Amino acid sequence: MIKINITKQVLEYIFGDEIVKKYSISSSKKGPGQQKNSFCTPTGKHIIRAKIGKSVPCYGVFKGRRFSGDLWDCKTKSNFSDDLILSRILWLSGIEVGINRLGNVDTMQRYIYIHGTHDEERIGQPVSHGCIRMTNADVVELFDLVKVGESVIIFNE
């Protein structure tokens, strides 16, 4: 199970009753929220619906959930958008109807992921456009630990 505390900007990977790994993350600069087009991080109970990028190199750039063939590096930063999705994608799906599933609050339809970022220096601060950002090394490690269908709880203390 994954627990994400957006107040503390921390993701914990829990196996059984033990916290196996703890990572710093970045959630939305607009805070928690469920609505489509809000650019907020959705809270509540989710699952990992899909794991994308198993064989993609670290710092590989995704466009439309597909590896573009490009690798990010700070020298080419200006050639890309300000919200890059790098290295791995864990695509989340809400499981609470009316809270984060279906209608105008559907996490999966909002394309909310746990993913790597080019903005690693601001990990630990709420600066994303709604997703959960991690350092690239951390998201690669987490990707290998989790399974499709694994529980993810996002909360705000």
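For the stretch 101-118, the set of residues classified as closer than 16 Å to K30 by Cβ and assigned to a loop (DSSP other than H, G, I, E, B) consists of T107, R110, Y111, I112, listed by residue number.
Checking the stated criteria, L92 turns out not to satisfy the condition of being under 20 Å from F15 (Cβ atoms), in contact (Cβ under 8 Å) with a residue 60 or more places away in the chain and either β-branched (V, I, T) or not in a strand (DSSP E or B) (or both).
Only a single criterion out of (1) in a loop (DSSP other than H, G, I, E, B); (2) touching a His at 6+ places or on another chain (Cβ under 9 Å); (3) of a type in the set (G, A, S) is not satisfied by G124, namely (2).
State yes or no: is S87 in contact with a strand residue (DSSP E or B) (Cβ under 6 Å, 6 or more places away or on another chain), of a type outside the set (F, W, Y) and either at positive phi or part of a helix (DSSP H, G or I) (or both)?
Working: in contact with a strand residue (DSSP E or B) (Cβ under 6 Å, 6 or more places away or on another chain): yes; of a type outside the set (F, W, Y): yes; either at positive phi or part of a helix (DSSP H, G or I) (or both): yes.
Yes; evaluated as a whole, the condition is true for this residue.
Filter the stretch 28-56 for residues that are touching a strand residue (DSSP E or B) at 6+ places or on another chain (Cβ under 6 Å) and free of Cβ contacts under 8 Å to residues at least 40 places away in the same chain; which is surrounded by the most Cβ atoms within 10 Å (Cβ to Cβ)? Filtering first and then ranking leaves V56. State the number of residues belonging to the stretch 1-27 that are crowded, with 22+ Cβ neighbours inside 10 Å and in contact with a Pro (Cβ under 7 Å, 6 or more places away or on another chain). Total satisfying the criteria: 3.
Filtered by the rule that a residue be under 13 Å from the mean Cα position of the chain (by Cα) and among the charged types (D, E, K, R), the stretch 126-157 gives R133, D138.
For the stretch 62-87, a residue qualifies if it is touching a Phe, Trp or Tyr at 6+ places or on another chain (Cβ under 8 Å), surrounded by 20 or more Cβ atoms within 10 Å (Cβ to Cβ) and modelled with pLDDT of 95 or more, and the qualifying residues are I85, L86, S87. Cβ separations smaller than 6 Å between residues 6+ apart or across chains give the following pairs from the stretch 102-123 residues that are crowded, with 21+ Cβ neighbours inside 10 Å to residues that are in a helix (DSSP H, G or I) and aliphatic (A, V, I, L, M): G116/V139.
Pick out the one residue from I123, I89, I99, I112 that is over 16 Å from the mean Cα position of the chain (by Cα), within 25 Å of K147 (Cβ to Cβ) and not aromatic (F, W, Y).
Testing whether each residue is over 16 Å from the mean Cα position of the chain (by Cα), within 25 Å of K147 (Cβ to Cβ) and not aromatic (F, W, Y) leaves just I99.
Restricting attention to the stretch 58-69 and to residues that are closer than 18 Å to Y113 by Cβ and free of Cβ contacts under 8 Å to residues at least 24 places away in the same chain, the residue that is farthest from the chain's Cα centre (by Cα) turns out to be S68.
The values are calculated or read from the model by the stated rules, or taken from the named source; none is laboratory data. Nothing here was measured: the structure is a model prediction, and the numbers come from that model. Neighbour counts run over all protein chains shown; Cβ positions are idealised from the backbone, glycine included.
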